[in-house]
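K.L.:
Shown below is the structure under consideration.
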Amino acid sequence: MDLHTASRLKSVVASSSSGLSSSCAHTTGRAVAVKSQNLGAKFSSISGKSLKDAVTITSTNLKCNAEGRRSKSLQLQAELGKKSSSTQTVQKSKKDPHSVTLKGKFQLSRAIGPTGSPPKIEFPVFQKNVAFTLVSTHVDGHGKLKMSERTRLEECWKALDLEDGSYDIAFCVPRDFGEPGAILVDSVNSEEFYIQSLTLNSHDSRTEYEFACNSYINKKSPTNKPKIDDQISDTDRIFFTNKVYLPCDTPPGLRKLRALEMEHLRGDGTGERQVADRIYDYDVYNDLGIVGVAERPTLGGPDRPYPRRCRTGRKIDPESGMEQLPAAGAKSYIPRDEDWNGSKTKDFNVDGLTGLRATLLPILREKFDETPDDFDTFKEVYNLYNKGIEIFPRDPALKPTEKDVAAVQNFLESHLYKDTGGVPNGNFDVIKYPIPQLLQDDPFAWADDEEFARQALAGPNPSVIRRAQFPPTSELPEDVYGPATALTAEHIEPYLCSNGKMLTASEAQCANRLFTIDYRDIYLPYVTKISTQTTTKTKRRIYAPRLIFFLTDDNKLKPVAIELSLPPQDGQKGSYNRVFTPPKDENCIDFTWSLAKFHFSSVNFGFHGLISHWLKTHAVMEPFLIATNRQLSAMHPISVLLSPCWTNTMRINANARATLINAAPVGSLEASFTPGRYNMELNSVAYDKLWRFDKAALPQDLLDRGMAEPDCNEPGGVKLVFDDYPFAKDALDVWSTTKEYVSDYLSLFYSCDEQVHEDEELQAWWKEIREVGHGDKKDEPWWPSCRTKESLVDILTTILWIGISHSPVNFGQYAYGGFTLNYPPLTRELIPEPNTPEFKEMMFNFERYVLKTTATPQQAVTIMTTMMVLSNHAESEEYIGSRNEANWTSDPKVKAVFEKYAEQVRGIERKIEQRNADTSLHNRRGALKTPGYTLMYPSSGRGLTGKGVPWSISI
């Protein structure tokens, strides 16, 4: 605090005790006095003194330290004394009987950056260089906007603090100004700041207007574009009140601003995007490789269909067509308000991916280059949780710098140990992983057939199982790949026992007792490519598998056959199909059956991570987000409805493209999953063949997979073919309740189908989603129309569900994938044929052969650490049935609709608790005897909880 600051504090305190009789002075004085008391309490030197004495003491004590800053303070005072012709003071407005003053408070932060660094610009300069203008919902007699004079934040107690909090502002407007509808913010400061909200009171204090801004403000360079009505510059940022309007209902004073704001967000499709830009546009996935080093094909277009991502405008390599990656240490562009930083989301774990890539993984690569051996025993795998693993190489030549060591320690403390009681024994040289939920009650649960099958219904990949057609069929050409299957009824019928009677395969199928997970068609054309790739040191071997389950009398799934297929080899006609069945005596161990399960689990894990998780939630959601910002105004009710499901999605997607799904060695999934460099090509195939918007809706998905049948009396309008399907049972409650909320909400704004059809923003939004964002599927006949209220309810519920469905595939990743023997990320050996040296090796030391088959220690630890980071909840997570910002709406009818939804969500939690307590529902617990199935439980605390359903794909 310098002399200038101390003198202003003294004047503020004096004004608070001067006993002014006017109501304005009285109100301001009371507020300032309270703030001044709080401020005074910060300094030990003024403890026990009156505020008047405190200022005197503080001023005296600081004199000797402030002489060097006296001239700067005087200069700032002189700058503040200059009266800008475009800024009108409150005192001046009081003398005008035709004007009134609207007072309000801004919540804003000048502490921006990962550590919330304080600003370098002193408040008087900041105050002078940011102008605010209030805009009415009305126009004047000439059709022009009614606007206040440009004003600035008032000099108040907050000017002394320079951190987050409330700043006073007052707008002088004519008495006939009308209802405020927007504010304009124009900053010429070189430093960014963040506006959270503005609360504005009418001149008689009877009405409150809320502006939910939630946006970063940066200095904008003016262009040659003309001002709107010679009033609004293109450097002005526009914020509307939290009142929503359909386009046709937009007040006259906001129509031009509504169009202008969306024009700003759309951009012109040219140029390289800068960090401060807020432009939403589309591009293909041409950023997954490294030019000249590890080039990867472009995803998006007729050859490799794919959803679009956000355009960055970075330079394109003319030969490969690949986009050049950002400079080392730089983040990939996303629109500024889609990012998190500083006070906006201080505790989000999403930067854990970037931290993992920059700190721990390079050190682990060095460590395992020093000791490249495989695990020798299962005990060594368990020791990752019991004893931990040394991080740093012992070889002096590989020893990291002190800076690298400090970065690793900071990452571990921030992302791995923050919620587990701190660093184990204070030793940063060892990573000790928390025990995954799967192992907490039974360390050998992963090897059990019943638990293996249960995870198809309640594990992290619960949406791929379907009712089986037996014998299985194939869409691959038979002249190339041979018969669809080698499975016969004789393989499975010895296991089809019901009520003491053996069923035939046909009887079991007709009774809806046969189920399958079938990856044969999607993987078989890629098996040879995957097995012969040479881009990494690790050998990779893979099958195209399918699995057959039988539903027992107590509604448990029993695996009865696994078919593993290889493509034609050495002139052979047709694929090579091997069928494995479990031992008939459950007390016996069949090594080949165990290896068959192992290979299936590995492919299942890869399909989960790349398709069920990345493609069907992250990738397909981004076009909806982009289109919403380009085509739906912030004032549109649908924009407000969807807003919570966008939080942090673009940043986590950009980080994933830079750390997870891009080319190895940087991309951890390419380095550690069996398909390797073909990960994302398979993603494109899956998008082409497996993704449909209409079947992204949960009830349609269940019907399509034969896991449910139509029943209008059940949640979602469907009835499960067997009730103990934990994911689907809980998910249908969430779907049904969310759809009711969407329907109730839309009924507040659309009274008839014509209003939907005539909503020009809505129709442009849906057209752009189909023809641009998901343009590679624009001609598909299954896209729903957006012409009726009913179709709009279905569309919006499906979009919300895509975000919600991320939770069951994400937050159980460490619980199941954190143990490499349960979900092996990679396989390096095929199952040996009988009477071969490899078969004898397997029989002699099965444990060693399994560990030779699965991922290396480096790959296992990389995936374990990644799964742990991704499975964590942040403290500020926004879960369904809740909103973090109280000012997201001021409409009492909207609040009532939302509170009804919130109460229904709380009811779902009670239902899930009751189901988990029901001992007859075996599939809800399995190895997780204590918590039961919680991946669709709506709320959660922070950390690795295995529950919680956020609105958004935020990690």
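Condition check ((1) at pLDDT below 95; (2) part of a loop (DSSP other than H, G, I, E, B); (3) not assigned by the TED database to the domain that holds K584) across all residues:
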{"position": "P471", "(1), (2), (3)": "no, yes, no"}
{"position": "L476", "(1), (2), (3)": "no, yes, no"}
{"position": "D479", "(1), (2), (3)": "yes, no, no"}
{"position": "L487", "(1), (2), (3)": "no, yes, no"}
{"position": "P494", "(1), (2), (3)": "no, no, no"}
{"position": "E507", "(1), (2), (3)": "no, no, no"}
{"position": "I517", "(1), (2), (3)": "no, no, no"}
{"position": "Y523", "(1), (2), (3)": "no, no, no"}
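K.L.:
In region 640-657, is there at least one residue being among the hydroxyl-bearing types (S, T, Y) and open to solvent by 10 Å² or more (accessible area, probe 1.4 Å)?
P.N.:
Checked against the condition, which is being among the hydroxyl-bearing types (S, T, Y) and open to solvent by 10 Å² or more (accessible area, probe 1.4 Å), region 640-657 yields at least one hit.
K.L.:
Please determine whether any residue of region 876-898 is closer than 15 Å to P938 by Cβ, in a helix (DSSP H, G or I) and outside the structural domain of I195 (by the TED database).
P.N.:
Yes - at least one qualifying residue is present in region 876-898.
Conditions tested, residue by residue: (1) modelled with pLDDT of 95 or more; (2) within 30 Å of H138 (Cα to Cα); (3) outside any loop (DSSP other than H, G, I, E, B); (4) among the charged types (D, E, K, R).
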{"position": "L265", "(1), (2), (3), (4)": "yes, yes, yes, no"}
{"position": "G301", "(1), (2), (3), (4)": "yes, no, no, no"}
{"position": "P305", "(1), (2), (3), (4)": "yes, no, no, no"}
{"position": "S320", "(1), (2), (3), (4)": "no, no, no, no"}
{"position": "A327", "(1), (2), (3), (4)": "no, no, no, no"}
{"position": "G352", "(1), (2), (3), (4)": "no, no, yes, no"}
{"position": "L356", "(1), (2), (3), (4)": "no, no, yes, no"}
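K.L.:
Run down L564, L625 and say which single residue is at pLDDT 95 or above, over 31 Å from the mean Cα position of the chain (by Cα) and either open to solvent by less than 10 Å² (accessible area, probe 1.4 Å) or at negative phi (or both).
P.N.:
Criteria check complete, one pass: L564.
For every residue, the table says whether it meets (1) at pLDDT below 90; (2) aliphatic (A, V, I, L, M); (3) farther than 24 Å from A634 by Cα; (4) over 38 Å from the mean Cα position of the chain (by Cα).
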position	(1), (2), (3), (4)
F123	yes, no, yes, no
F126	no, no, yes, no
T133	no, no, no, no
V139	no, yes, no, yes
W157	yes, no, yes, no
G178	no, no, no, yes
S187	no, no, no, no
E192	no, no, no, no
L198	no, yes, no, no
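K.L.:
Exactly one condition in (1) touching a Leu at 6+ places or on another chain (Cβ under 7 Å); (2) over 29 Å from A456 (Cβ atoms); (3) part of a helix (DSSP H, G or I) is false for N679; which is it?
P.N.:
(2)
K.L.:
Name every residue in region 875-917 that is at pLDDT 95 or above, acidic (D, E) and open to solvent by 60 Å² or more (accessible area, probe 1.4 Å), in order of residue number.
P.N.:
Result: E899, E903, E913.
K.L.:
Considering each residue of region 198-229, count those that are farther than 23 Å from S99 by Cα and open to solvent by 50 Å² or more (accessible area, probe 1.4 Å), and give that number.
P.N.:
Of the residues in region 198-229, 9 are farther than 23 Å from S99 by Cα and open to solvent by 50 Å² or more (accessible area, probe 1.4 Å).
K.L.:
Only one of K539, K558, K529 is in a strand (DSSP E or B), in contact (Cβ under 8 Å) with a residue 12 or more places away in the chain, surrounded by fewer than 22 Cβ atoms within 10 Å (Cβ to Cβ) and on the phi < 0 side of the Ramachandran plot. Can you tell me which?
P.N.:
K558
K.L.:
Of all residues in region 715-768, which are out of contact with any Leu (no Cβ under 8 Å at 6 or more places or on another chain), surrounded by 22 or more Cβ atoms within 10 Å (Cβ to Cβ) and aliphatic (A, V, I, L, M)?
P.N.:
V734
K.L.:
Does V666 meet the test of being among the β-branched types (V, I, T), within 23 Å of C213 (Cα to Cα) and surrounded by fewer than 24 Cβ atoms within 10 Å (Cβ to Cβ)?
P.N.:
no
K.L.:
Filter region 834-872 down to residues that are in contact (Cβ under 8 Å) with a residue 12 or more places away in the chain and not in a helix (DSSP H, G or I) and give me whichever is surrounded by the most Cβ atoms within 10 Å (Cβ to Cβ).
P.N.:
A855
K.L.:
Shifting gears a bit: Can you confirm whether L702 is closer than 16 Å to I465 by Cβ, buried (at least 18 other Cβ atoms within 10 Å of the Cβ) and in contact with a Gly (Cβ under 6 Å, 6 or more places away or on another chain)?
P.N.:
no
K.L.:
Restricting the first residue to region 452-476 and requiring it to be over 27 Å from T934 (Cα atoms), which pairs with a second residue that is in a helix (DSSP H, G or I) and of a type in the set (G, A, S) meet a Cβ separation below 7 Å and a spacing of at least six or different chains?
P.N.:
F470/A505
The values are calculated or read from the model by the stated rules, or taken from the named source; none is laboratory data. Keep in mind the model is a prediction, meaning the values are calculated, not measured. In this analysis, Cβ positions are derived from the backbone assuming ideal geometry, glycine residues included, and neighbour counts consider all displayed protein chains. These area figures cover heavy atoms from the full protein model, side chains too; ligands, DNA and RNA do not enter into them. Shrake-Rupley method; radii C 1.70, N 1.55, O 1.52, S 1.80 Å.
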